[in-house]
Amino acid sequence: MITTKQRAYLKSLAHKMEPVLLIGKGGVTGNTLKQIDDLLNKRELIKIKILNNNLDDKDEIINTILDNLNAEFVQFIGSKFIIYRESDEKKIELPK
């Protein structure tokens, strides 16, 4: 679990980031989860956009990703959300 202070720090890092993955009408598939897993291993902090043509519940999409990949929820605004997972090669030093 990340603390409120850590979440605020991650939000500040992600503020200027562009989404690295788009979730469209196909929803969250095994391939999508694999891509997100690879991105989290490489970057630790990623921004994902849910396109308008996706009719699935946004909260359900986020929970599916978080549950399957053991990631931490950071923020959700509009159609974009940010998730974090520490990798073996720690790239982001979180405040205590």
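Just one of the numbered conditions (1) of a type in the set (D, E, K, R); (2) out of contact with any strand residue (DSSP E or B) (no Cβ under 8 Å at 6 or more places or on another chain); (3) farther than 16 Å from Ile2 by Cβ is not true of Glu86; which one? Unmet condition: (3). Restricted to region 57-66, and to residues that are farther than 17 Å from Leu22 by Cβ and under 13 Å from the mean Cα position of the chain (by Cα), which residue is surrounded by the most Cβ atoms within 10 Å (Cβ to Cβ)? Among those that are farther than 17 Å from Leu22 by Cβ and under 13 Å from the mean Cα position of the chain (by Cα), it is Leu66.
Results for (1) basic (Lys, Arg); (2) crowded, with 16+ Cβ neighbours inside 10 Å; (3) at pLDDT below 95, shown as yes or no for each residue.
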{"residue": "Gln6", "(1), (2), (3)": "no, yes, no"}
{"residue": "Tyr9", "(1), (2), (3)": "no, yes, no"}
{"residue": "Ser12", "(1), (2), (3)": "no, no, no"}
{"residue": "Ile50", "(1), (2), (3)": "no, yes, no"}
{"residue": "Leu55", "(1), (2), (3)": "no, no, yes"}
{"residue": "Asn68", "(1), (2), (3)": "no, no, no"}
{"residue": "Ile82", "(1), (2), (3)": "no, yes, no"}
{"residue": "Lys91", "(1), (2), (3)": "yes, no, yes"}
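From the list Leu13, Leu40, the one residue that fits, being touching a Lys or Arg at 6+ places or on another chain (Cβ under 8 Å) and of a type in the set (A, V, I, L, M), is Leu40. Selection of region 63-96 for residues being free of Cβ contacts under 8 Å to residues at least 24 places away in the same chain and closer than 13 Å to Ile36 by Cα yields Leu66, Asp67, Asn70. There is at least one residue in region 27-41 that is small (Gly, Ala, Ser), farther than 17 Å from Ile92 by Cβ and free of Cβ contacts under 8 Å to residues at least 24 places away in the same chain.
If you filter region 23-37 down to residues that are within 15 Å of Asp57 (Cα to Cα) and in contact with a strand residue (DSSP E or B) (Cβ under 9 Å, 6 or more places away or on another chain), you find that the one that is surrounded by the fewest Cβ atoms within 10 Å (Cβ to Cβ) is Gly24.
The values are calculated or read from the model by the stated rules, or taken from the named source; none is laboratory data. Fair warning: this is a prediction, and the values are worked out from it, not measured in the lab. Please note: Cβ atoms are built from the backbone with ideal geometry, for glycine as well, and neighbour counts cover all protein chains shown.
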